[in-house]
Amino acid sequence: MAQSLRPDFEVLEDLDALSHEAARYVMLSAREAVICTGRCTIALAGGETPRRLYELLGSEDYRGAVPWDEIDWFWGDERCVPPDDPRSNYRLAHETMLERAGVSPSRVHRMSGETRPPSRAARSYEALVRDIVPDQTFDLVILGVGADGHTASLFPGHAALEERERLVVAVTADKGREVPKRITMTFPLLDRARSLLVLAAGASKRGVVHAVRSDPTAAAIRYPVARLRPAGHLTWLLDRAAAQ
Ligand code: 6PG
């Protein structure tokens, strides 16, 4: 049964407090999944907001509390750049968290941003997800949100918002985007997750946060993130600047 329209919202003082709460959420979700199934699948967000979260998880504070050896890591979206490109979502998580935690490369499943055409990378990533994620149901998906309400690389007005069959697609965002060519999970895959965690920090996210909190149905017309209807839990972690 789809999640009720109203997600859980938690407001933290600032990005650091939000990142600590998110790290606790990731740690507890992973430990619960491993206790229940012996493994855990997590899809990571890109952009800047999760940087501090990843740094924390890779730090002395949290590293010992995460069951790294039982977690398979994925990405919700990727820019079509090589993995060592400073704009790569893979590179962000690798250098701040996965490398520091000594995660085995066999557990790290990045989208191939360097593959051309991107549609080929999308198809092979979907095949990978179908192959190694039981029932294509992630234990946890971490997402950011843009000021325009995009999440992953699902942008307002884009045909990918209407995709109901494919689980991963290639998209071309507006020219003004940082790296317009992207690979992204679609709503059919995101909504299968047991838990979705949306991180929103900063005043630029205030408009979309207010819209989603006040009228999620109306917000879904304008903001892709408001269309998330996971079968499991949907939790937003906000800082004060985004929540005012
Ligand atoms: C990306 C992300 C994207 C991001 C939002 C928010 O590849 O850019 O997947 O969806 O989460 O754009 O970005 P910030 O966290 O930098 O505000």
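Of all residues in region 202-220, which are out of contact with any Lys or Arg (no Cβ under 9 Å at 6 or more places or on another chain) and either more than 12 Å from Q244 (Cα to Cα) or aliphatic (A, V, I, L, M) (or both)? Spell out the reasoning first.
Within region 202-220, the subset out of contact with any Lys or Arg (no Cβ under 9 Å at 6 or more places or on another chain) is 202-207, 209-210, 212, 214-215, 217-218.
Once the filter is applied, which keeps residues that are out of contact with any Lys or Arg (no Cβ under 9 Å at 6 or more places or on another chain) and either more than 12 Å from Q244 (Cα to Cα) or aliphatic (A, V, I, L, M) (or both), region 202-220 yields A203, V209, V212, S214, D215, T217, A218.
Quick one: count up the residues across region 9-28 that are surrounded by 21 or more Cβ atoms within 10 Å (Cβ to Cβ) and within 14 Å of V66 (Cβ to Cβ).
The number of residues fulfilling the criteria is 3.
For the list (1) in a helix (DSSP H, G or I); (2) touching a residue at least 24 places away in the same chain (Cβ under 8 Å), I need the number of the one condition that A127 fails.
Against the list (1) in a helix (DSSP H, G or I); (2) touching a residue at least 24 places away in the same chain (Cβ under 8 Å), A127 comes up short only on (2).
Look through region 179-193, keep the residues that are basic (K, R) and more than 21 Å from L140 (Cα to Cα), and return whichever of them is nearest to the ligand (Cβ to nearest atom). Step through it out loud before you land on a result.
Filtering region 179-193 for residues basic (K, R) gives 181-182, 192.
Next cut, more than 21 Å from L140 (Cα to Cα) only: 181-182.
Working: K181: 11, R182: 7 Å.
Out of the qualifying residues, it is R182.
Quick check, is S88 out of contact with any helix residue (DSSP H, G or I) (no Cβ under 6 Å at 6 or more places or on another chain) and surrounded by fewer than 22 Cβ atoms within 10 Å (Cβ to Cβ)?
Judged against the criteria, S88 is not a match.
What is the residue count in region 204-217 for residues that are free of Cβ contacts under 8 Å to residues at least 60 places away in the same chain and more than 16 Å from the ligand (Cβ to nearest atom)?
Selection size over region 204-217: 3.
Give region 152-178 a look and list any residue that's within 13 Å of the ligand (Cβ to nearest atom), surrounded by fewer than 16 Cβ atoms within 10 Å (Cβ to Cβ) and aliphatic (A, V, I, L, M), or say none.
none
Yes or no: region 92-114 includes at least one residue that is within 13 Å of the ligand (Cβ to nearest atom) and either exposed (fewer than 15 other Cβ atoms within 10 Å of the Cβ) or within 22 Å of E32 (Cβ to Cβ) (or both).
Yes, some residue in region 92-114 is within 13 Å of the ligand (Cβ to nearest atom) and either exposed (fewer than 15 other Cβ atoms within 10 Å of the Cβ) or within 22 Å of E32 (Cβ to Cβ) (or both).
Taking region 34-57 only, how many residues are away from the ligand (no atom under 12 Å from the Cβ), assigned to a loop (DSSP other than H, G, I, E, B) and surrounded by 22 or more Cβ atoms within 10 Å (Cβ to Cβ)?
Qualifying residue count, region 34-57: 0.
Let me confirm something: among V141, V133, which residue is within 15 Å of the ligand (Cβ to nearest atom) and modelled with pLDDT of 95 or more?
Details: V133 fails: within 15 Å of the ligand (Cβ to nearest atom).
Of the residues listed, the single one that is within 15 Å of the ligand (Cβ to nearest atom) and modelled with pLDDT of 95 or more is V141.
Could you tell me whether region 66-78 includes any residue that is small (G, A, S), in contact with a strand residue (DSSP E or B) (Cβ under 8 Å, 6 or more places away or on another chain), in contact (Cβ under 8 Å) with a residue 60 or more places away in the chain and assigned to a loop (DSSP other than H, G, I, E, B)?
Yes: region 66-78 contains one or more residues that are small (G, A, S), in contact with a strand residue (DSSP E or B) (Cβ under 8 Å, 6 or more places away or on another chain), in contact (Cβ under 8 Å) with a residue 60 or more places away in the chain and assigned to a loop (DSSP other than H, G, I, E, B).
Say we look at region 193-242 and pick out the residues that are part of a strand (DSSP E or B) and β-branched (V, I, T); which of these is nearest to V129 (Cα to Cα)?
Only one residue tops the list, namely V198.
Scan region 164-183 residue by residue and report those that are charged (D, E, K, R), part of a loop (DSSP other than H, G, I, E, B) and under 19 Å from A43 (Cα atoms).
R166
Kindly evaluate A201 against the criterion of being within 13 Å of the ligand (Cβ to nearest atom), closer than 22 Å to L238 by Cβ and either polar (S, T, N, Q) or buried (at least 21 other Cβ atoms within 10 Å of the Cβ) (or both).
Spelling it out, A201 is indeed within 13 Å of the ligand (Cβ to nearest atom), closer than 22 Å to L238 by Cβ and either polar (S, T, N, Q) or buried (at least 21 other Cβ atoms within 10 Å of the Cβ) (or both).
Please indicate, with yes or no, whether at least one residue in region 84-91 is under 18 Å from R24 (Cβ atoms) and away from the ligand (no atom under 12 Å from the Cβ).
No, region 84-91 contains no residue that is under 18 Å from R24 (Cβ atoms) and away from the ligand (no atom under 12 Å from the Cβ).
The values are calculated or read from the model by the stated rules, or taken from the named source; none is laboratory data. Please read all numbers here as calculations on a predicted model, not as lab measurements. Methodologically, a virtual Cβ is constructed for each residue, glycine included, from the backbone with ideal geometry; neighbour enumeration extends over all protein chains shown.
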